[in-house]
1. Need pairs with beta-carbon distance below 7 Å; first residue in contact (Cβ under 8 Å) with a residue 24 or more places away in the chain and within region 17-41, second hydroxyl-bearing (Ser, Thr, Tyr) and surrounded by 12 or more Cβ atoms within 10 Å (Cβ to Cβ); sequence gap 6+ or separate chains.
2. Applying the selection to region 12-26, what residues are under 19 Å from the mean Cα position of the chain (by Cα) and of a type outside the set (A, V, I, L, M, F, W, C)?
3. Looking at region 109-124, can you tell me whether even one residue there is at pLDDT below 80, in a helix (DSSP H, G or I) and not charged (D, E, K, R)?
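The values are calculated or read from the model by the stated rules, or taken from the named source; none is laboratory data. Predicted model only: the values in this text are computed from it and were never measured. Because the Cβ atoms are built from the backbone with ideal geometry, glycine has one as well, and the counts that use them run over all protein chains shown.
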Amino acid sequence: MTEDKITGTLVFTVFTAVLSSFQFGYDIGVINAPQEIIISHYRHVLGVPLDDRKATNNYAINRTDSLPSVTPPADLILTPWGEEETVTSVGVVTMLWSLSVSSFAVGGMVASFFGGWLGDKLGR
């Protein structure tokens with residue numbers, strides 16, 4: 001009978017597999033870091049108004065002095081957003097953000113199919 005033992009190759013293989021999954025999870029977390037910037041860009045491009053909580057300034061809220069008042073121009077016509085339009089637009093922004101995040105995983109899957117072939121053709 002052969003004795004089962006832990007070889008250097010086995011340790012290296014397990015270590016590589018564990019760290020590879022950690023790296024993939026970290027990359028998924030990193031894609032969420034610029035979430036507010038990307039959502040703001042989508043809102044700007046689509047013309048969706050910002051949420052009230054995003055439009056407030058913490059420094060202005062916590063102040064004790066009064067804020068200066070600004071008189072709007074006389075020819076300014078305010079057209080409030082309809083509630084339906086805002087809800088629909090926010091849903092579109094959420095959908096676009098979800099597609100942006102999921103494209104990372106789909107791109108990784110597609111690239112994994114061609115990585116070996118591309119490495120053989122160009123890298124070796």
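1. 38/100
2. Answer for region 12-26, where residues must be under 19 Å from the mean Cα position of the chain (by Cα) and of a type outside the set (A, V, I, L, M, F, W, C): 23, 25, 26.
3. Yes - at least one qualifying residue is present in region 109-124.
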